[in-house]
Structures are given as structure tokens and as C-alpha cells.
Amino acid sequence: MEKSYRLLLDNNRKWVEGQLQQDPQYFKKLASGQKPEYLWIGCSDSRVPANQITGTEPGDMFVHRNIANMVVHSDMNMLSVLSYAVEVLKVKHIIVCGHYECGGVIAAMGHKQFGLIDNWLRHIKDVYKLYASELESIADEKLRARRFVELNVTEQVYDLCKTTIVQNAWKNGQPLAVHGWVYGVDDGIIKDLEVSFTSEKDLHSVYQV
Ligand code: CO
């Protein structure tokens, strides 16, 4: 057990050496500040590392991850990350990236208790209820789960657009697009769900503030 933990620190020293060989100023440049263009809202799943699957480097992406890449509008953690990314860092793109085989989404489709996490899964169940007729028309459970992953991402994109943080950025003329993607853990491919928003005009009017 101790060995697998030590391995990470050894890997870190090797990584530092490698980076410095390529560019002796690498860490000095990073230490001078960040100006990422992207905010990534992804799942905590260990198979979906934001930087690796998008070919991005330290400094490129501001990242928030939670179980099933949820945008829960009373979640202070998510709101603080969103506020800082949009209002201070002025990211140009927010990407909600879900993934197929998402344990959170699959658990939310079922009827088992898991403990405390059931309270988090409830938010995903709320999305299921919104799309229940479409989802229940899919007989194959695997295919239904895949579609649920896509619909859940789409709904989280809407939930971002409903926030005053995103709507105020648009009101101020700040260039900002919100996108929904799904990553395939079985093939590595990211699918763009083409549900991008660049203004609140496509939202139901009750959510326009
Ligand atoms: Co997941």
C-alpha cells in the first residue's frame, strides 16, 4: 500500500524533470498567473481526466468535477467555481462533459439505496422524470442509460444558462458559449451534443432574468 502511494511522488519528480528539460522556464511561466479559456464541468470518474482527453496542459482549463457532472444551483462549490471562471478569469467556453457508463447516472436509473449519495442522485432522478417518456420508450437498458447520459448533460447545460452568472455575462456583451459533450470511456471519443448556447433567448422565458 505504501509503495503505490510513494509511486505518485516519484512520478511527480520525474515529470518535473521532464518539463524542465523541455522548457527551463516552464514553472516560472505558470507561476506568473492563469488565463484559461475553458471551464470544464465533468464527472469525478477516474477514467475521464479533463486535460488528457482534450490534449490540454496545465493553465489551459479551469476544472470542476462532481459525481455525474451536475450543475446544482444551490451548490456553493459549483457556483463559486462558475463565478470565478466567468467573472474573473473570463473563460470563453464552458463545457459540461458527461460520459457513457457513468455510475452516477446508472445508479439514478435504479431503485437501490446507496446511503448519503442518494441525496445527490436525486438531482439526476429529477432529470430522468423530465425525460421519462423518451427514456422509457428505449427497451434496451444499456441504450437507455446512454441516452440518459446525453439528456443529463443537455439539462446541465440549460441549468448553467439559467444562472445569473452566465446571463449577466451575456448581458454585459462578454463572449461566452456553453457546450454539452459526452465522452466514450470505451473508445476515447468525445461527442459534441450540439446543444451550445451563446445567449439566453432559447431558454423558457420564466428562466430569463
Ligand atoms: Co460518471
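The values are calculated or read from the model by the stated rules, or taken from the named source; none is laboratory data. Quick caveat, the model's predicted, so the values are computed rather than measured. Cβ placement follows ideal geometry from the backbone for every residue including glycine, while neighbour counts extend to all protein chains displayed.
Restricting attention to the range 111-119, does a residue exist that is surrounded by 20 or more Cβ atoms within 10 Å (Cβ to Cβ) and in contact (Cβ under 8 Å) with a residue 40 or more places away in the chain? Let's see the steps before the verdict.
Residues of the range 111-119 that are surrounded by 20 or more Cβ atoms within 10 Å (Cβ to Cβ), as a first pass: none.
No, the range 111-119 has no match at all.
What are the residues in the range 65-82 that are touching a Ser or Thr at 6+ places or on another chain (Cβ under 9 Å) and either closer than 18 Å to residue 164 by Cβ or more than 16 Å from the ligand (Cβ to nearest atom) (or both), if any?
Taking the range 65-82 as the starting set, the residues that turn out to be touching a Ser or Thr at 6+ places or on another chain (Cβ under 9 Å) are 65-69, 71, 73, 79, 82.
Residues satisfying the conditions are 71, 73, 79, 82.
For residues in the range 4-55 being in contact (Cβ under 8 Å) with a residue 60 or more places away in the chain and either more than 16 Å from the ligand (Cβ to nearest atom) or part of a helix (DSSP H, G or I) (or both), which is surrounded by the fewest Cβ atoms within 10 Å (Cβ to Cβ)?
It comes out as 54.
I'm trying to understand the selection: among the residues of the range 83-110, which are away from the ligand (no atom under 16 Å from the Cβ) and hydrophobic (A, V, I, L, M, F, W, C)?
As a first pass, look at the range 83-110 and keep what is away from the ligand (no atom under 16 Å from the Cβ): 83-94.
Residues satisfying the conditions are 85, 86, 88, 89, 91, 94.
Among the residues of the range 135-155, is any within 16 Å of the chain's Cα centre (by Cα) and surrounded by fewer than 18 Cβ atoms within 10 Å (Cβ to Cβ)? Lay out the reasoning, then the answer.
Step one: of the range 135-155, the residues within 16 Å of the chain's Cα centre (by Cα) are 148-155.
Next, from what is left, pick out any that are surrounded by fewer than 18 Cβ atoms within 10 Å (Cβ to Cβ): none.
No, the conditions are met nowhere in the range 135-155.
Within the bounds of the range 89-110, is there any residue that is within 29 Å of residue 168 (Cα to Cα) and without any contact (Cβ under 8 Å) to a residue 12 or more places away in the chain?
No, the range 89-110 contains no residue that is within 29 Å of residue 168 (Cα to Cα) and without any contact (Cβ under 8 Å) to a residue 12 or more places away in the chain.
Can you name the residue in the range 56-99 that is assigned to a loop (DSSP other than H, G, I, E, B) and buried (at least 20 other Cβ atoms within 10 Å of the Cβ) and, of all such residues, is nearest to the chain's Cα centre (by Cα)?
First, pick out the residues of the range 56-99 that are assigned to a loop (DSSP other than H, G, I, E, B): 56-60, 67-75, 89-92.
Pick out the ones that are also buried (at least 20 other Cβ atoms within 10 Å of the Cβ) and you get 68-71, 91.
Working: 68: 8, 69: 5, 70: 7, 71: 9, 91: 14 Å.
Applying the filter and picking the extreme gives 69.
Any residue at all in the range 74-88 that's closer than 18 Å to residue 45 by Cβ, in contact with a strand residue (DSSP E or B) (Cβ under 8 Å, 6 or more places away or on another chain), in the same structural domain as residue 202 (by TED's automatic domain parsing) and among the aromatic types (Phe, Trp, Tyr)?
So far as the range 74-88 goes, no, none of its residues is closer than 18 Å to residue 45 by Cβ, in contact with a strand residue (DSSP E or B) (Cβ under 8 Å, 6 or more places away or on another chain), in the same structural domain as residue 202 (by TED's automatic domain parsing) and among the aromatic types (Phe, Trp, Tyr).
Please work out which residue is farthest from the chain's Cα centre (by Cα), limiting yourself to the range 169-187 and to residues that are within 18 Å of residue 153 (Cα to Cα) and aromatic (Phe, Trp, Tyr).
183
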